[in-house]
Amino acid sequence: MSTITADEFFDSIHRIVSLLDEENIAILRTMKQHGPRNLLGIARKAKLPYTTVYNRVTKLESQGVLKTWIQPNCSKIGLSRAVVLATPHPGKEIFTREALKIPGFWLRIARCIGDCNGYYSLHGIPTANRQEFELYLDQLLERGLLKNYRVFWIGDTKFPLTNFDYYKPKDRTWKFDWKGWLESFATSRAKPDSSKQSSQPVSFDKKDLIILKELVKNARTTLADLSKLLSLTLPAAKYRFDRLVERGLIQEWVIDLLPYAPQVSELSEVRLDFKNESFMKGAEPILDSLPIVQSYSPITGLNSITARLYLPRNEVSNLHTFLSLLVSKGVLTSYSYIVIDPVTIQAQTFAYKDYNDDSGWNYASREYLKTIDNLMPKWNKTEIELSPPTLPSLSLKL
């Protein structure tokens, strides 16, 4: 049996709060604006000594409080992202999870409760195979591995840095301005944007994907490490990296920091169905500014946004009231809410191994179903084992 002592519990909470001082906040903001790779440049922009920046970033990373990674531009490498909310049959939860992972194109998966009592998963599917992926989910339903499911395709995800304007470093307190945020949503409008950025795939090869994959794992991976991995000279590795940036294959630098201790906080996914496109577009800059928003994505073909929220548990009831008021004021037509269990989060990079420079992405629908059929007899005989409790990870990368 695994146990968690009171000292471990409160030490982990204190660790996050104690690290959110003015200098660290300045460093984090500069990293978000200019990218996290060049600490010397960050020191100059933040007007801090290089040794201070280096030591502080190293401490944040070593204690697991800070992680940096990139969000690749999936559409430019021929991938479309799908969110699947899967409800398993009672007693078959683990089998459902494994079935969702058999196509190697899954990105994140975690247990959830709420409007979906089962699994939240995110997938990066070759755009040409979107329909085949939906048919695969239908087959899981027919084989009894899913009780029901919902799938929706999402556009580009934005990862705003936590808005520290709502934080007082000296007092170590946060302000949650629910009334002010409600007023902003109710009065904000934006004209539909007819100009859309190009989402067509650009030229790339397997080595480009490997660089992107490494940066998804750690945005501060050095060029020296990349050159060794790819058996390239340092100038050649730098040229490839610069070309990735120029072609827009790196969509965003993500500064992954938890502003509140996970032991006393809640991670959730909220789908916001707006009254019209004007309300939805007007909501995006507001979502950018809220200290509870980790990320958000538009849902393709709908006036809807799915948002990842993270906030102290004692503010959850205010969030529920806030969402209800958005409906009563006519901003939203409806919303759905699921709680993510952070202990169960599993993540991997996009399926770069399934790409071939000659033939492109390899999505083998029949092979996936054969794997399912071969494993089902074994799964039916498998007993589920309970895993011991652990402290949640300080990174909720999902």
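The values are calculated or read from the model by the stated rules, or taken from the named source; none is laboratory data. Quick caveat: nothing in here was measured; it's all calculated off a predicted structure. Cβ atoms come from the backbone with ideal geometry, glycine included; neighbour counts cover every protein chain shown.
List pairs: first residue in the range 200-215 and at negative phi, second residue of a type in the set (Gly, Ala, Ser) anywhere in the structure, Cβ distance under 7 angstrom, at least six positions apart or on different chains. From the range 200-215, the pairs are PRO201/GLY78. Which residues, taken from the range 134-165, are out of contact with any helix residue (DSSP H, G or I) (no Cβ under 8 Å at 6 or more places or on another chain) and among the aromatic types (Phe, Trp, Tyr)? Result: PHE152, PHE159.
May I ask you to say which residue of ASN318, ASN303 is within 30 Å of GLU277 (Cβ to Cβ), in the same structural domain as GLU284 (by TED's automatic domain parsing) and surrounded by fewer than 16 Cβ atoms within 10 Å (Cβ to Cβ)? First the steps, then the outcome.
Working: ASN303 fails: surrounded by fewer than 16 Cβ atoms within 10 Å (Cβ to Cβ).
Testing whether each residue is within 30 Å of GLU277 (Cβ to Cβ), in the same structural domain as GLU284 (by TED's automatic domain parsing) and surrounded by fewer than 16 Cβ atoms within 10 Å (Cβ to Cβ) leaves just ASN318.
Tell me the residue from ALA110, ALA43 that is in contact with a Pro (Cβ under 9 Å, 6 or more places away or on another chain) and in a helix (DSSP H, G or I), please. Step by step, each of ALA110, ALA43 is checked, and only ALA43 is in contact with a Pro (Cβ under 9 Å, 6 or more places away or on another chain) and in a helix (DSSP H, G or I). Of the residues making up the range 335-367, just one is exposed (fewer than 13 other Cβ atoms within 10 Å of the Cβ) and in contact with a helix residue (DSSP H, G or I) (Cβ under 7 Å, 6 or more places away or on another chain), namely ASP357.
Filter the range 66-92 for residues that are in a loop (DSSP other than H, G, I, E, B) and surrounded by fewer than 20 Cβ atoms within 10 Å (Cβ to Cβ); which is modelled with the highest pLDDT? Checking each candidate, the answer is GLY78.
Take ARG313 and decide whether it is among the basic types (Lys, Arg), out of contact with any helix residue (DSSP H, G or I) (no Cβ under 7 Å at 6 or more places or on another chain) and assigned by TED's automatic domain parsing to the domain that holds TRP181. Answer is no for this residue.
For (1) more than 22 Å from LEU323 (Cα to Cα); (2) not assigned by TED's automatic domain parsing to the domain that holds SER324, each residue gets a yes or a no:
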{"position": "SER121", "(1), (2)": "yes, yes"}
{"position": "ARG130", "(1), (2)": "yes, yes"}
{"position": "VAL151", "(1), (2)": "yes, yes"}
{"position": "THR173", "(1), (2)": "yes, no"}
{"position": "ASP177", "(1), (2)": "no, no"}
{"position": "LEU212", "(1), (2)": "yes, yes"}
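For the range 256-268, the criterion of being over 20 Å from the mean Cα position of the chain (by Cα) and aromatic (Phe, Trp, Tyr) is met by none of the residues.
From the list TYR239, TYR260, the lone residue that is crowded, with 21+ Cβ neighbours inside 10 Å and aromatic (Phe, Trp, Tyr) is TYR260.
A quick yes/no check of all residues on (1) in the same structural domain as ARG366 (by TED's automatic domain parsing); (2) of a type in the set (D, E, K, R); (3) over 19 Å from the mean Cα position of the chain (by Cα); (4) under 16 Å from ASN362 (Cβ atoms):
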| residue | (1), (2), (3), (4) |
| --- | --- |
| THR96 | yes, no, yes, no |
| ASP115 | yes, yes, yes, no |
| GLY118 | yes, no, no, no |
| GLY124 | yes, no, no, yes |
| LEU137 | yes, no, yes, no |
